[in-house]
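Following: one structure in structure tokens, then a few remarks.
The values are calculated or read from the model by the stated rules, or taken from the named source; none is laboratory data. Being a predicted model, the structure only gives us computed values, none of them experimental. Here the Cβ positions follow ideal geometry from the backbone for every residue, glycine too, while neighbour counts run over all protein chains shown. Surface areas here come from the heavy atoms of the whole protein model, side chains and all, with no ligands, DNA or RNA. Shrake-Rupley method; radii C 1.70, N 1.55, O 1.52, S 1.80 Å.
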Amino acid sequence: MNNNDAVETRITFCRTCEATCGLEVDVQGNRVVDIRPDKQHVVSKGYSCVKGIHFDKVQNSPDRITSPQKRVGDEWHSISWDQAIAEIGSKIRHLVDRHGADSFAHLVGSAGGANVLAPLYRNALYQALGSRRMYGTGTCDTTNKFRVCEDMYGSPFRLAYPDVERTEFLMVLGANPAVSGNTLYHLPGAVRRFKAITKRGGRVVFINPRRIESAQAGEHNFIRPDTDLYFLAAFCRELIESGGVDRGAIEKTMKGFSVLEEVVAAWTPERQAEVTGISADRLRELVAAHKNANGAALYMATGVNQGRSGTLCFWLLECINAISGNLDKPGGSLIGEGLIDMAKQVKEAGTLTAQVVREDGLISVVGLQPSGMLADDMEQGRVRGMIVEASNPLLACSNPNGRLDRAFADLELLVCIDLFRNEVGNLAHYILPAPTWLERAEVPYALQSFVGCTPLPYMTYSDAVVAAPDNVRHEWWIYSRLAEAAGATMFGKKWIAALLKLNTRLAYSSKPWLRKLALTPEKMLDGMLKQGGLPGRKKFLAQHRHGLLLKQNSGNNFLGTDRVLTGDGKVNLAPADYVEVFKARAEALFADELEKRNHFKLIGKREIKRMNTASANVPRLVKDETNYAYLAPEDAQELGVRSGELVDVASDYGEISIPVKVSDEMMPRTVAIPQCWGHKKADGLSHARLHPGVNSNYLAGDGEANIEALSGMSHLSGIFVRIKKSDRLAVAS
Ligand SMILES: Nc1nc2c(c(=O)[nH]1)N[C@H]1C(S)=C(S)[C@@H](COP(=O)(O)OP(=O)(O)OC[C@H]3O[C@@H](n4cnc5c(=O)[nH]c(N)nc54)[C@H](O)[C@@H]3O)O[C@H]1N2
Ligand SMILES: Nc1nc2c(c(=O)[nH]1)N[C@H]1C(S)=C(S)[C@@H](COP(=O)(O)OP(=O)(O)OC[C@H]3O[C@@H](n4cnc5c(=O)[nH]c(N)nc54)[C@H](O)[C@@H]3O)O[C@H]1N2
Ligand code: SF4
Ligand SMILES: [Mo]
């Protein structure tokens, strides 16, 4: 950057979380110097959070990796791309030939979800190698939902969203949109929109073991962690009992109602109250309000997904939306339309549908094997090499007492594609530098652009705001080159592989006229926009820089149409596997809950200034040296601890010591610990290293016993723990 360079303002959108807020970015030379909310963005209208406007600190961080790195012993060396690709390619080939294709795995993290083109190339590489050993932190947040969508509606991506703009009754379980920005549906500035519901006479109800930030926009109800199954079963039963179901719609467009009715029959409001802490009267009152609303929607997210019954919970929640006549109805829950019908394409291709490809019979959902099996698979030699793209599994995944650290350290080949050398990067043999989202052309997340999960449908497109450093390469390029070097034919055709080879050379040619010939992400996205019947890239940049509002979803376009992909065109209210698992487990888990009702349960806590592990290195965002264990005042008193004092928290899997914060936001007998801390080994992250905190996932179990069998989800919330005042001295207050 030259200080005399003019400052130019470019319009883009944030891709740190799924809210995809519009941003204005000041660029001087090729350097980002300021980021502000875009007041003219058609949906976010000037809303953004601190993570978006401070992304320049990630972008410009001196810790960023800007050339391929190779570890030799404990030392890191910069190497050329040619060397990196050739060495990694031949090692992949060696592993595949010697130990079978599945010995070479992949793990993708949440930031990978914002990259709309990378999955095409990533999947093509692994298909070409013949490896199905793909993991993702998707099995930490949401594969239960995809499983249910597949069984009820016929495709994992036929996903409904709450019609927040028109609803009169919204009930949110296990989500905190004020902090998280929502997940699996896209809507920035959630609090403002929830407040608008109350203002027009509707109700917004949060069901959560912590009185969350979102609750400022509605009512809050405590629920004992991981008991939502009983609340939802009783809600469903009460709805049926009190005549709150639309029998006409059920008869015409759904199947399995009588089985559903039988499944929930035993779960009276009184019975659920014994474990949830929500009184029978309160539940009845909520059902009555739901019934009387002209448009009602239930929504749930990670807090419930990460429990022991995430799939069953989402099934019952979707059933409530459907049988009450609110599915496909304005103000209820709607099924959107994207640029392409990704749900249908995925159904037809069959590759991402739920299936068993593992030798132990555990399920893969949307192509992802359970991340809770990572350590087992590595220790038992099923996995010997891995690419980790945009993830930090040592902090994010179940890691009982550090078991994952040891397993990753023993891999024969570990390659990380990242912006930084994070904790898992420390253990890698190679780190390949990737661009940030400011350096990528993109349309918003796939679920927004290609599935249409957004209450305010719109489309936007952004070119890269700045050029990536010279020696940084896009994921699509890395995967194409690795395929070539490992002798794998992407997309199954030699001529396509030859074109891809040519394209990787053209895209980074030193001659501008050759670069112009490359099939770039810009050109691919231009094609997608046009295929969706929208203006192409150039028009978007010239005329719709702040987004283009699309037709509002009027509902009545799903049920009874060929968009229901179940084969017979009916929504399935009683998938046989779910009924079986419910019958086998519900009573036993209930008995367990009753027996342990006085035990502590651990939940997570997202913080507005932190994006999982990825913003931990930004000094402006992270000032505390550590995270804390949040405890209700009566629990703290009983344990004899005050804010700042240390407690020892132990589960059946691990033990940590952490300082306490006493908070009346907490439900008694619940402890909340912000996850994705524990940076003690982060020598590639100069700030995070000094603010390490404690890794709460040392307390989470892994292996088959801690995986939800229907969806492969890890059990990360509602973990039974024991707490006592620590004998050790507090390091922070
Ligand atoms: N106990 C508990 N554990 C949890 C959760 C919980 O609620 N409770 N939540 C779970 C959930 S939902 C998730 S998604 C995981 C999150 O964990 P992960 O999915 O592993 O994601 P992050 O920590 O966000 O990101 C990890 C890395 O991505 C890199 N990165 C950022 N942007 C890019 C990019 O554009 N390209 C590339 N190549 N790299 C990039 C960052 O530098 C960082 O090193 O944690 C899970 N863990
Ligand atoms: N600021 C910020 N934003 C983020 C992220 C981040 O790390 N920081 N991560 C992003 C990612 S990867 C994701 S997947 C999304 C997740 O988005 P959300 O699902 O909205 O995530 P959380 O804010 O963790 O909300 C989960 C809530 O569930 C509650 N909870 C825990 N256990 C239970 C339970 O058993 N029952 C019920 N009813 N509630 C329970 C917790 O108290 C918490 O409030 O957020 C994304 N946005
Ligand atoms: S809410 Fe999400 S998308 Fe919006 S600015 Fe914050 S991190 Fe970015
Ligand atoms: Mo996530």
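The candidates LYS725, LYS329, LYS530, arranged from most to least accessible area with a 1.4 Å probe in the full protein assembly, appear as LYS530, LYS725, LYS329.
Out of the DSSP beta bridges found with both residues in the chain, what percent are antiparallel (nearest 5)?
Details: 45 of 85 bridges.
Around 55 percent antiparallel, to the nearest 5.
Run the accessible area of region 7-59 with a 1.4 Å probe and give the carbon-and-sulfur part as a rounded percent. The C+S portion of the solvent-accessible surface of region 7-59 is 48 percent. Of all lysines in the structure, the ones whose alpha carbon falls short of 25 Å from that of LYS329, not counting any fewer than 8 places away in one chain, are LYS145, LYS195, LYS199, LYS252, LYS255, LYS291, LYS344, LYS347, LYS551, LYS570. Contact order for the chain, expressed relative to its length and based on alpha carbon pairs under 8 Å spaced 6+ residues apart, stands at 20 percent. Relative contact order for region 599-725: 36 percent, from Cα pairs under 8 Å spaced at least 6 residues apart, divided by residue count. Quick one: which residues, 5+ away or cross-chain, put their amide H under 5 Å from the amide H of LEU173? H built at 1.01 Å from N. Amide H neighbours of LEU173, under 5 Å, 5+ apart: ILE207, TYR299, MET300, ALA301. In terms of packing, defined here as the mean over residues of other Cβ atoms within 10 angstrom, the peptides 37-49, 350-362 line up highest first as 37-49, 350-362.
Long-range amide H contacts for SER643: which residues qualify at under 5 Å (H placed 1.01 Å from N, peptide plane, sequence gap of 5 or more or a different chain)? Correct list: VAL662.
Determine the per residue accessible area of region 518-579 with all protein chains present and a 1.4 angstrom probe, expressed in square angstrom.
Details: 3170 Å² over 62 residues.
Accessible area per residue, region 518-579: 51 Å².
Counting only the backbone N, which residues of region 497-539 are under 18 Å from the spot 7 Å out from the Cα of ASN557 toward its beta-carbon? Output list for this probe position: 529-535.
Of LEU239, GLY256, THR351, which is farthest on the positive side of the dipole of region 229-381, counting Cα position, with +1 on Lys and Arg Cβ, -1 on Asp and Glu Cβ, and the Cα centre as origin? Selected residue: LEU239. Across the accessible surface of region 661-733, with the other protein chains kept in place and a 1.4 Å probe, carbon and sulfur atoms take up 53 percent.
Rounded to the nearest Hz, the phi-derived 3J(HN,Hα) couplings of region 530-544 under the Karplus curve 6.51 cos²θ - 1.76 cosθ + 1.60 (θ = phi - 60°) are 5, 4, x, x, 10, x, x, 4, 4, 5, 4, 5, 7, 10, 10, where x marks glycine and proline. If you plug the beta carbon distance of GLU241 and LYS199 into 1/(1 + (r/R0)^6) with R0 = 25 Å, you get a FRET efficiency near 0.20. Identify the trypsin sites (Lys or Arg not before Pro) of region 178-284 meeting these criteria: DSSP loop state and at most 11 other C-beta atoms within 10 Å of the C-beta. Sites meeting the loop and neighbour criteria: ARG200. Which length gain, in nm to one decimal place, applies between LEU549 and ARG505 when the Cα-Cα distance is subtracted from 0.36 nm times their residue separation? Gain on extension, LEU549 to ARG505, equals 12.1 nm.
Note on ARG585/LEU120: beta-carbon distance plugged into 1/(1 + (r/R0)^6) with R0 of 35 Å gives a FRET efficiency of 0.40.
Which whole-number percent gives the relative contact order of region 7-59, counting Cα pairs below 8 Å spaced six or more residues apart? Don't skip to the answer; put the middle values down first.
Details: 98 pairs, mean separation 15.6, N = 53.
Once normalised by length, the contact order is 29 percent.
Taking all protein chains in place and a 1.4 Å probe, what share, in percent, of the accessible surface of region 330-461 do carbon and sulfur account for? Before the final figure, lay out each step's value.
Details: 1600 of 3310 Å².
Of all accessible area on region 330-461, carbon and sulfur atoms account for 48 percent.
What residues qualify as long-range amide H neighbours of VAL33, i.e. H under 5 Å apart, gap of 5 or more or another chain, H built at 1.01 Å from N? Sorted by chain and number, the residues that satisfy this are ASP26, VAL27, GLN28. Ranking MET171, MET342 from most to least accessible surface, computed with a 1.4 Å probe over the protein chains only, gives MET342, MET171.
Excluding ligands, DNA and RNA, the accessible surface per residue across region 599-725 is 37 Å² with a 1.4 Å probe. Sequence-ordered 3J(HN,Hα) estimates for region 574-591 from the Karplus curve with 6.51, -1.76 and 1.60 and θ = phi - 60° stand at 9, x, 4, 4, 5, 4, 5, 5, 4, 5, 6, 10, 4, 5, 5, 5, 4, 4 Hz, glycine and proline given as x. Solvent exposure of region 7-59 amounts to 36 Å² per residue of accessible area, where only protein heavy atoms count and the probe is 1.4 Å.
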